Each structure stands twice: as C-alpha cells, then as structure tokens.
Amino acid sequence: MTEVKELTCISCPLGCSLTVTMEGKEVVKVEGNTCPKGKAYGEKEVTNPTRIVTSSVKVRGGILPVVSVKTASDIPKEKIAECSRALKGIQIDAPVKIGDTVLRNVGGTGVDMIATRNVRAKTS
C-alpha cells in the first residue's frame, strides 16, 4: 500500500517542503529536498522520529534558581513524555558546568540529560 507524507524539513534553515512516499514501512522516494540532509531527515522522520529534548532543573545554592538542560543526543519521539516525567523533582547542587550530567539514561533511552549553562554557587 502506497502512502505519501508531507513534511517540513528541520535539518537546516531552508525548511524545505518534503514529500515522502512509502510502500508499507519502506521509504521509496523523498522529494523536495535541496540537500542530502533533507533526504535523510525525511526518511528518518517517517520511520523512526527522534528529537532533542530541552528543559530545566532546579539548582540548590546557585546564583540562578534553575539550569537549562538537554538530551545529549536525540531520543525516540515516543519517549519525550517519559523523559519529561523523569526530570520532575530533580535538583542539583551548584556549581554546575556546561556538559555536566544531570540525569543518566533519561527515560530508559540510554541518553544522558546534560546542563547547557554554567551556574555558579552563591557566595555568602
């Protein structure tokens, strides 16, 4: 059975309109991309969609009350809610450095949640 999906590529700022044609679960054609990244994005998006997840967690003793965090790499789209739930109630101690692991194997994905900002400790 042939299925056609219309997507907007997010691999680069061009935002190409993609048409992905599938036969069953197999991609047979990607059209509308201006670069190879668009073809790869279209194929992956219809067969195994993934996302980088961003959020924030509380910081104890820091000059800021929270630090921004993100997954170290993309995770399966269906794991986003589980990832968000895993972050609830997480608090870390200052100082925090960019790249520090905040939570290992978030949502059972094998991917770590890492800090994306430095937060110095309060000085009294």
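Brief remarks follow.
- You will find that of S56, S84, the residue that is modelled with pLDDT of 95 or more and either exposed (fewer than 15 other Cβ atoms within 10 Å of the Cβ) or assigned to a strand (DSSP E or B) (or both) is S56 and no other.
- Per-region count, segment 59-81, residues more than 19 Å from V119 (Cα to Cα) and assigned to a strand (DSSP E or B): 2
- Per this entry, S11 is not counted among residues that are of a type in the set (S, T, Y) and not in a loop (DSSP other than H, G, I, E, B).
- The number of residues in segment 64-108 that are under 16 Å from P49 (Cα atoms) and aliphatic (A, V, I, L, M) comes to 3.
- Check on S68, closer than 30 Å to K44 by Cα, out of contact with any His (no Cβ under 8 Å at 6 or more places or on another chain), loosely packed, with under 14 Cβ neighbours inside 10 Å and outside the structural domain of K44 (by TED's automatic domain parsing): no
- Residues within segment 16-25 that are at pLDDT 95 or above and either closer than 20 Å to T50 by Cβ or not assigned by TED's automatic domain parsing to the domain that holds K44 (or both), tallied: 4
The values are calculated or read from the model by the stated rules, or taken from the named source; none is laboratory data. Since we're looking at a predicted model, the values are computed, not measured. Neighbour counts are summed over all protein chains in view; Cβ atoms, including those assigned to glycine, are modelled from backbone coordinates with ideal geometry.
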